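Take a look at the structure below.
All of the numbers you see were taken from the coordinates with simple rules; none came from a lab. These numbers were taken from a predicted model, which means no experiment stands behind them. In this analysis, Cβ positions are derived from the backbone assuming ideal geometry, glycine residues included, and neighbour counts consider all displayed protein chains.
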Amino acid sequence: MLAAIWILTLIGLILWSLASWGLHTLLSIDPRWIEDIDKLAKEIPYTEAIDRWFPAWRELLDVLMDLAQVVLGWVGTNAPVVAWIVWGIGTLVLLLGGLALTLLVCLVRDKPTPPAAR
């Protein structure tokens, strides 16, 4: 049982490391791709209906796109730090989970009784 716990913990660590590498790659993308969303927003169908229900949606979309570009630009420059922090926290959680399960198995496991003395 202990071997299964630590094998699964190791597999979890490998998958978590791959996810952190993917996060770093994703955060390192140039944030100027958001400008393409502005072009697509101008081609949204039924804008008149949207204007009736939500009059200032275009201005809000412009503000949100600018905010997203600033935030992604900041996060992109700090991508290595963010990825390492996220990886470290996840790794710590996985290792503590493996340790807690190991402790639980050791506490619940039947202890062999010593042979009776004659």
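Remarks
- What separates the Cα centres of region 12-45 and region 100-118 is a distance of 51 Å.
- Two-site label geometry, residue 36 and residue 78: point separation in nm, points 7 Å out along Cα→Cβ: 2.7 nm
- Put a plus charge on the Cβ of each Lys and Arg, a minus charge on the Cβ of each Asp and Glu, and nothing anywhere else: the dipole of region 2-106 about its Cα centre is then about 480 debye.
- Semi-axis lengths, Å, region 2-106, gyration tensor of Cα atoms, sqrt of 5 times eigenvalues: 44, 17, 11
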